[in-house]
Amino acid sequence: MDAISVRRWLTDGLIAAVLLAFGLITTRFAAQNQPGATPLDAVGYGLIAVAASALAIRRRWPVVTLAIVTAATVAYLLGDYAYGSIMFCFSLAVYTMAAELPLRPAAVIAGAALVAVSVHAFVPPDGDPGIEGLAPAAAWVVVPFALGITVRLSREATARARVDAARRIADDERLRVAQEVHDVVGHGLAAINMQAEIALHLLHRKPEQTEAALTAISRTSKQGLDELRATLLAVRRGDDRAPMPGLGQLPALRDRLAHAGLPVSLSIDGTPPGALPGAVDLAAYRIVQEALTNVLRHAGATTAKVTIGYGAEALELEVTDAGLGGVPSHHGSGIPGMRERAAALGGELTAGPRPGGGFRVYAVLPVTGS
């Protein structure tokens with residue numbers, strides 16, 4: 001039995017004990033104000049005790065509890081004992097049943113309890129039907145039933161909202177991992193593809209230079225695999241203990257691209273205002289990496305330039321090339337992925353051909369409140 005179950009048992013047992021003591025004490029005073037009622041005797045006290053004690057199992061077996069309490073209450077009312085706390089026990093049992101069961105079976109059971117508890121209105125001791133007794137009998141059922149249904153629906157809505165929130169978090173995490181893997185694998189494969197084409201081109205014309213291209217392929221594939229393993233390790237652990245890349249690794253990225261045949265110049269404007277937030281640092285690196293990967297894949301450019309601008313409140317990134325330019329494709333996930341990274345941090349990203357030729361990716365990432 002877990003801690004929650006133990007707590008429920010203790011809570012219900014305490015409520016039953018309080019209602020038992022309350023019923024045994026207060027019903028005697030209630031009888032004094034109802035002179036026409038049968039004086040309380042051992043049977044009356046016993047019925048109160050049974051109804052109150054049954055509430056100790058109300059959430060474990062709500063239908064059984066209601067059946068016991070209803071039987072005790074009906075016997076109590078048929079005995080013409082004074083109205084008292086036994087009705088609170090009955091109402092609590094109705095409420096619990098409505099709060100624990102689905103609507104349709106709960107309504108059927110509540111209707112049966114209402115019929116049972118209304119019997120005393122038609123079988124009074126003096127033999128006269130007591131139609132006027134139906135209203136109070138119905139109130140002891142309808143009010144707690146409605147309250148129980150309301151609580152159950154609210155609890156189910158809260159549970160659904162919790163499940164939806166967990167699903168959204170899982171979906172966001174899957175998208176984040178997919179984006180990370182796309183950036184790592186896409187960049188590595190683009191560089192390897194370029195180097196392989198160079199190796200094939202040199203194989204017959206300058207075979208002595210093929211070794212350099214194959215060495216670059218080996219180095220790039222190893223670096224890509226190492227970064228992919230680090231990303232997947234962080235996902236498996238469920239935390240960020242594995243080191244994630246940042247702007248500090250741009251020189252290494254530049255060198256890898258140079259080996260792949262794309263010289264990249266790196267320019268830094270300003271100085272960072274302290275350490276960048278981890279999310280900003282990672283997003284900035286991934287945006288630059290993806291932009292340069294696109295240059296390597298599609299631009300046909302011979303050079304590219306990366307400019308990093310540090311401001312007091314924002315980080316500016318610019319990646320330009322002198323390649324073919326053209327309107328970006330809407331079918332890939334590169335530019336949309338970069339935009340999503342920027343938007344997730346409250347920033348923005350634009351990408352498109354430059355007026356003088358080539359292509360430009362420009363992003364602004366806030367560094368405050370990240």
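The values are calculated or read from the model by the stated rules, or taken from the named source; none is laboratory data. Just so it is clear, the model here is predicted, and its values are computed rather than measured. Note that we place each Cβ from the backbone using ideal geometry, even for glycine, and neighbour counts take in every protein chain shown.
Values as computed for the structure displayed
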quantity: Among the residues listed as A190, A260, the single one being modelled with pLDDT of 70 or more, assigned by TED's automatic domain parsing to the domain that holds G337 and under 23 Å from G334 (Cβ atoms); calculated: A260
quantity: Residue match in the stretch 264-275 (condition: of a type outside the set (D, E, K, R), closer than 23 Å to S221 by Cβ and in the same structural domain as T220 (by TED's automatic domain parsing)); calculated: yes
quantity: Residues located in the stretch 56-72, provided they are modelled with pLDDT of 90 or more and buried (at least 22 other Cβ atoms within 10 Å of the Cβ); calculated: P62, T65, L66, V69, T70, A72
quantity: Residue match in the stretch 244-256 (condition: modelled with pLDDT under 70, in the same structural domain as A351 (by TED's automatic domain parsing), under 35 Å from the mean Cα position of the chain (by Cα) and assigned to a loop (DSSP other than H, G, I, E, B)); calculated: yes
quantity: Condition check for R286: of a type outside the set (A, V, I, L, M, F, W, C), modelled with pLDDT under 80 and either in the same structural domain as A314 (by TED's automatic domain parsing) or closer than 30 Å to A314 by Cα (or both); calculated: no
quantity: T271 vs. criteria over 40 Å from the mean Cα position of the chain (by Cα), assigned to a loop (DSSP other than H, G, I, E, B) and not small (G, A, S); calculated: no
quantity: Identity of the residue in the stretch 120-143, modelled with pLDDT of 80 or more and out of contact with any Leu (no Cβ under 7 Å at 6 or more places or on another chain), that ends up nearest to F88 (Cα to Cα); calculated: W140
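Yes/no per residue for (1) modelled with pLDDT of 85 or more; (2) of a type in the set (V, I, T); (3) farther than 27 Å from I192 by Cα; (4) assigned by TED's automatic domain parsing to the domain that holds T220:
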{"residue": "A304", "(1), (2), (3), (4)": "yes, no, no, yes"}
{"residue": "E316", "(1), (2), (3), (4)": "yes, no, yes, yes"}
{"residue": "V319", "(1), (2), (3), (4)": "yes, yes, no, yes"}
{"residue": "G337", "(1), (2), (3), (4)": "no, no, no, yes"}
{"residue": "A351", "(1), (2), (3), (4)": "yes, no, no, yes"}
{"residue": "G356", "(1), (2), (3), (4)": "no, no, yes, yes"}
{"residue": "F359", "(1), (2), (3), (4)": "yes, no, no, yes"}
